[in-house]
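To start, the structure itself, in structure tokens.
Taken together, the values in this text are just the output of simple stated rules run on the coordinates, not laboratory data. It should be emphasised that the depicted structure is a prediction, and the values quoted were computed from it without experimental measurement. Don't worry about glycine lacking a Cβ; one is built from the backbone with ideal geometry, like all the others, and counts go over all protein chains shown.
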Amino acid sequence: AQTVTQSQPEMSVQEAETVTLSCTYDTSENNYYLFWYKQPPSRQMILVIRQEAYKQQNATENRFSVNFQKAAKSFSLKISDSQLGDTAMYFCGSEKLVFGKGTKLTVNP
Amino acid sequence: NAGVMQNPRHLVRRRGQEARLRCSPMKGHSHVYWYRQLPEEGLKFMVYLQKENIIDESGMPKERFSAEFPKEGPSILRIQQVVRGDSAAYFCASSPRTSGRVNEQFFGPGTRLTVL
């Protein structure tokens, strides 16, 4: 069975700085997808970024990028130029419908 | 294209009553997933359905909980004889499954169930 672990329950960052959220996973699959979702105070779940395991290139979406280390089974999310609107819970998830417990990110002005 | 819709957004029930949560997937999506989020915790998968078919219910409690996704109409998550521990946010997601793989899921706004 797949497992997803987020080891940072809470993090904070100053506005305009960069922050990295960690995620590790365990799977026996060779090809798979990984996702980062954002859940702001509104409770809506919003897809931030997706990575396909067979692609060596790290996925990037504007200020969001991932550091995907397939051998190490690590899938961290980097947020550059943090904005106040980035304050949210961030969940790392796999296509096998498994999510981590989340990291609460607070961006301070 | 409207997103995933869930109703009601807030539901209050007394212990022993039934709760019915509805989810309308995005247009063109034939796969629906239900998750539960307890306070201060992450998402827990409950059930994955295709129209008229339950694909995976490994996350569903064995008793009191059931789900369906009929040919016509929304998907329904039904909780019978609710208890205080059922109080949580219930999220529905839908996806357009392609090539046999689970694609990204589009989440609804959730239904917050409070059991008094």
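A few notes on this one:
- In this structure, B:Gln80 and A:Arg43 have a Cβ-Cβ separation that, at R0 = 25 Å, corresponds to a calculated FRET efficiency of about 0.50.
- Here chain A is treated with +1 on each Lys and Arg Cβ and -1 on each Asp and Glu Cβ, and its dipole about the Cα centre works out to around 220 debye.
- With the biggest extent put first, the Cα atoms of chain B measure 43, 29, 28 Å across the principal axes.
- Spatially proximal lysines relative to A:Lys73 (Cα-Cα < 19 Å; intrachain offsets below 8 disregarded): A:Lys55, A:Lys96, A:Lys101
- Taking the empirical scaling 2.2 N^0.38 Å for compact globular proteins as reference, the range B:51-100 has a Cα radius of gyration ratio of 1.31.
- A simple spin-label model places the labels of A:Ala72 and B:Lys71 5.3 nm from each other, with each point 7 Å out along Cα-to-Cβ.
- Computed label-point distance, nm, for sites A:Phe64 and A:Thr18 using a 7 Å Cα→Cβ extension: 1.8 nm
- Tail weight of P(r) past 18 Å, computed on alpha-carbon pairs of the range A:1-100, percent: 43 percent
- Theoretical FRET efficiency, 1/(1+(r/R0)^6), r = Cβ-Cβ of A:Gln2 and A:Thr106, R0 35 Å, to 0.05: 0.75
- Shape analysis of the range A:64-109 places it in the oblate category; the axes a ≥ b ≥ c from the Cα gyration tensor give an a/c of at least 1.5, with a/b not above b/c.
- Ordering B:Pro70, A:Pro9, A:Ala59 by Cα displacement along the dipole of the protein assembly as shown toward the positive end leaves B:Pro70 in first place; charges were set at the Cβ atoms of Lys, Arg (+1) and Asp, Glu (-1).
- Anisotropy class of the range A:29-68 from Cα gyration tensor, a/c 1.5 cut: oblate
- Cut-off 11 Å (backbone N to label point 7 Å along Cα→Cβ of A:Ser80), residues of the range A:39-60: A:60
- Sorted into 10 angstrom bins from 0, the C-alpha pair distances of the protein assembly as shown split as 8, 32, 35, 20, 5, 0 percent.
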